[in-house]
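A.B. asks: Below is a structure I'd like to ask you about.
Just so you know, all these numbers are worked out from the coordinates, no wet-lab data involved. Every value quoted in this text rests on a predicted model; they were computed, and no experiment measured them. Cβ placement follows ideal geometry from the backbone for every residue including glycine, while neighbour counts extend to all protein chains displayed.
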Amino acid sequence: MNIVHFPHPALRWKSQPITTINSRLRSTVAEMFELLYESKGVGLAANQVVLPWRVFVINSTGDSEDKDQEFVFINPEITGRKGSEEAEEGCLSLPELYGDVRRPSEIVVEAWDLKGQEFQMGLSELPARVVQHENDHLDGVLFVDRLSDSARREIQPRLDDFRVVFQRQQDDGQIPAEQDLNRRLNELESQA
Ligand code: ZN
């Protein structure tokens, strides 16, 4: 498992709802947490590790010792939104790129945990932002899609650089070709 970078097509996949919470999902989630801490992130969605399933993990402290702040969201749905706030975001799939994103400042999110228990959470500040950012990933949306036109223009050269690197890696065979990725996507979707 590894984190893919923009413009990997997996980041644009619209993920499938998870139908079974089993040991495979539990080990996937454990690996995602490991990667999250290794990468010094605060949230990681399944698309970012090339799995088209509706699950993400967060720890908004980024501290692997702080297990109380580890949360897994399976088939999440944001059911309430309030306020509006602009703050800087980054993404493990767009390393070293940052931009201001306007989002609701308070949310209510419903999801299932790894025990198959449904839960509801009211969030504000950083956790609210992280959950919205990760939830976007499941719909194939990246924070750069939510920048103002002027901010987007400003970072366009950086996005172009990412495209050049990706193309080179695909040409070198480090990243599978489009048709192989699509085959893999179909296989994985049927396993959700
Ligand atoms: Zn991200």
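A.B. asks: Quick one: how many lysine pairs in the chain have C-alpha atoms under 27 angstrom apart, if they're 8 or more apart or on different chains?
C.D. replies: Summing the qualifying lysine pairs gives 6.
A.B. asks: Related question: Around Phe73, what is the net charge, scoring Lys/Arg as +1 and Asp/Glu as -1 over all other residues with Cβ under 15 Å from its Cβ? Let's see the in-between values first.
C.D. replies: On the way: positive: Arg26, Arg54, Lys115, Arg129; negative: Glu70, Glu77, Glu110, Asp113, Glu118, Glu134, Asp136, Asp139.
Cβ neighbours under 15 Å give a net charge of -4.
A.B. asks: Sticking with this structure for a sec: Could you order peptides 171-177, 87-93 by the average number of other Cβ atoms within 10 Å of their residues, highest first? Before the final figure, lay out each step's value.
C.D. replies: Working: 171-177: 11.3, 87-93: 18.3.
Highest to lowest by the protection proxy: 87-93, 171-177.
A.B. asks: Oh, and also: Quick one: of the DSSP bridges fully inside the stretch 9-187, what percent are antiparallel, nearest 5? Please report the intermediate quantities before stating the final value.
C.D. replies: Working: 26 of 27 bridges.
The answer is about 95 percent antiparallel.
A.B. asks: Using a Gaussian network for the chain with springs between C-alpha atoms less than 10 Å apart, which of these wobbles most: Phe73, Phe56, Phe119?
C.D. replies: So, out of Phe73, Phe56, Phe119, the one fluctuating most is Phe119.
A.B. asks: I would also like to ask the following. Can you work out the Karplus-derived ³J(HN,Hα) for every residue in the stretch 112-126? Use 6.51 cos²θ - 1.76 cosθ + 1.60 with θ = phi - 60°, whole Hz, and x for glycine or proline.
C.D. replies: So the Karplus estimates, Gly and Pro as x, are 10, 9, 5, 8, x, 8, 7, 9, 10, 9, x, 10, 9, 6, 4 Hz.
A.B. asks: With the crude spin-label approximation of a point 7 Å out along Cα→Cβ, what separation in nm comes out for Glu34 versus Met121?
C.D. replies: Between Glu34 and Met121, the label points sit 2.3 nm apart.
A.B. asks: When the dipole is taken about the Cα centre of the chain, and only Lys, Arg (+1) and Asp, Glu (-1) are charged at their Cβ, what size is it in debye, to the nearest 20?
C.D. replies: So the magnitude is around 500 debye.
A.B. asks: Taking Cα centroids, how far is the stretch 146-176 from the stretch 19-56 in Å?
C.D. replies: 24
A.B. asks: Under 1.5 on a/c is rounded, so check that first for the stretch 116-174, then, if it is not, pick prolate when a/b is larger than b/c and oblate when it is not; a ≥ b ≥ c are the square roots of the alpha carbon gyration tensor eigenvalues. Before the final figure, lay out the partial values.
C.D. replies: Numbers: a/c = 4.08, a/b = 1.64, b/c = 2.49.
Here the stretch 116-174 falls in the oblate category.
A.B. asks: Per residue and in cubic angstrom, what volume does the convex hull of the Cα atoms of the stretch 9-187 have?
C.D. replies: 121
A.B. asks: A further question follows. Over the chain, what is the mean sequence separation of C-alpha contacts under 8 Å (at least six apart), divided by residue count, expressed as relative contact order in percent?
C.D. replies: This gives 25 percent for the chain.
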